[in-house]
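For reference, the structure discussed in these notes is given below.
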Amino acid sequence: MTAAVPICAIVPPYVLDRLAEAGHEPAVRSLALDTAHRAARLAAPPPAAGAPGLNRVISDAGHGQRLPGRTVRTEGHAPVTDASVNHAYDGLGDTFTLYSQVFGRDSIDGRGLRLDASVHYGRNYDNAFWNGRRMVFGDGDGQIFGDFTACVDVIGHELTHGVTQFTANLEYRDQPGALNESVSDVFGSLVKQYALHQSAADADWLIGAGLLAPGIQGVALRSMRAPGTAYDDPRLGKDPQPAHMRDYVDTTEDNGGVHINSGIPNHAFYLLATALGGQAWDRAGRIWYDALTGGGLSTTADFTAFARATVAAAKARYPDESSIADTVTASWAQVGVSPG
Ligand SMILES: [Zn+2]
């Protein structure tokens, strides 16, 4: 079953393609590595269940391409001098904490899966990914991207692909693929908001804030508040995300635009969370989590089916507050999706 789940790296292929076509050497090598991971992912055995509770193992790939590398920090051990190791350790912990404390989920598989990560993968590797077994982080090339361990929302995004894999298992193409991507952005942002104790009004609603190197014209990889505005740079190009169905991008690239059209459900979540107010994980997050994990979605769910599942989840969780389900419906309507 896991063989059907493709690898997801945080930097979409069209971004690295553009940089590679312009002759940016780190992007050429990063694309080659990404292609190799996609092939390797198919052969990866399913992760085994661990003991209940948080259990992290961080390894250092030492700028090589062999995984996992040397073990450098394990659960309960003090910080080390390498900041990337500590950022990875903390980001895995922050992700575990959101799922555990807010949603009552024991790690990404719900059965205490050990959280493994490798840092300093490759040389100037411009990406980070979850390969079904572990998180792998590049250092970035320093010209376009910085250290990929720096963004806790990126870590939350990648590990949420694991949660989706173990629950709704949304197909990674077209609308179900864009939902798969969007759910990772939603919970990635919630990991950051929960760790920083931010309200929906205070959150930046960016994915990968601080990841772009100085001099790049942009603030992040994606914006949930204003999809399509995260970057506009001569080297990176312009953020292609739509915020409404009327701007839906029909493409065969990027598995049918999974990192592009995810802007639409991303924005619906942002609209709901800010309309409800307070902390986004508290009500909007629970509704999305219930929809994702409740068993009511098919693996080929489109935006309308997912919207319906969130309205049903809102009614089930808040039976005495019909205004919440109405707000869910209104948020989808604002991005051009009618739950019916
Ligand atoms: Zn992703």
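Residues in segment 172-182 that are within 14 Å of the ligand (Cβ to nearest atom) and either at pLDDT 95 or above or over 15 Å from the mean Cα position of the chain (by Cα) (or both): R173, P176, G177, A178, L179, N180, E181, S182. Can A200 be described as under 17 Å from G277 (Cα atoms) and assigned to a loop (DSSP other than H, G, I, E, B)? For A200, the condition - under 17 Å from G277 (Cα atoms) and assigned to a loop (DSSP other than H, G, I, E, B) - is met. S323 meets all of the listed conditions (1) surrounded by fewer than 17 Cβ atoms within 10 Å (Cβ to Cβ); (2) in contact with a helix residue (DSSP H, G or I) (Cβ under 9 Å, 6 or more places away or on another chain); (3) in a helix (DSSP H, G or I); (4) not aliphatic (A, V, I, L, M) but one, namely (2).
So which residues in segment 125-159 are of a type in the set (A, V, I, L, M) and within 11 Å of the ligand (Cβ to nearest atom)?
So the first thing to find is which residues in segment 125-159 are of a type in the set (A, V, I, L, M), and the list is 128, 135-136, 144, 150, 152, 154-155, 159.
Result: A128, V154, L159.
On the given criteria, is D174 in contact with a Gly (Cβ under 7 Å, 6 or more places away or on another chain), open to solvent by less than 10 Å² (accessible area, probe 1.4 Å), farther than 20 Å from L31 by Cβ and of a type in the set (D, E, K, R)? Judged against the criteria, D174 is not a match.
Take the conditions of a type in the set (D, E, K, R) and at positive phi and apply them to D254. Does it pass? Walk me through it before giving the result.
Details: of a type in the set (D, E, K, R): yes; at positive phi: yes.
So D254 passes the test.
If we scan segment 103-119, do we find a residue that is within 22 Å of V219 (Cβ to Cβ) and either surrounded by fewer than 24 Cβ atoms within 10 Å (Cβ to Cβ) or at pLDDT below 95 (or both)? No; the residues of segment 103-119 include none that is within 22 Å of V219 (Cβ to Cβ) and either surrounded by fewer than 24 Cβ atoms within 10 Å (Cβ to Cβ) or at pLDDT below 95 (or both). Return the only residue of D239, D185, D233, D254 being open to solvent by less than 50 Å² (accessible area, probe 1.4 Å) and at pLDDT below 95. Result: D254 is the single residue among D239, D185, D233, D254 that is open to solvent by less than 50 Å² (accessible area, probe 1.4 Å) and at pLDDT below 95.
The values are calculated or read from the model by the stated rules, or taken from the named source; none is laboratory data. Worth saying up front: this structure is predicted, and the values here are computed from it rather than measured. Reconstructed Cβ throughout: ideal geometry from the backbone, glycine too, with neighbour counts over all protein chains shown. Surface areas here come from the heavy atoms of the whole protein model, side chains and all, with no ligands, DNA or RNA. Shrake-Rupley method; radii C 1.70, N 1.55, O 1.52, S 1.80 Å.
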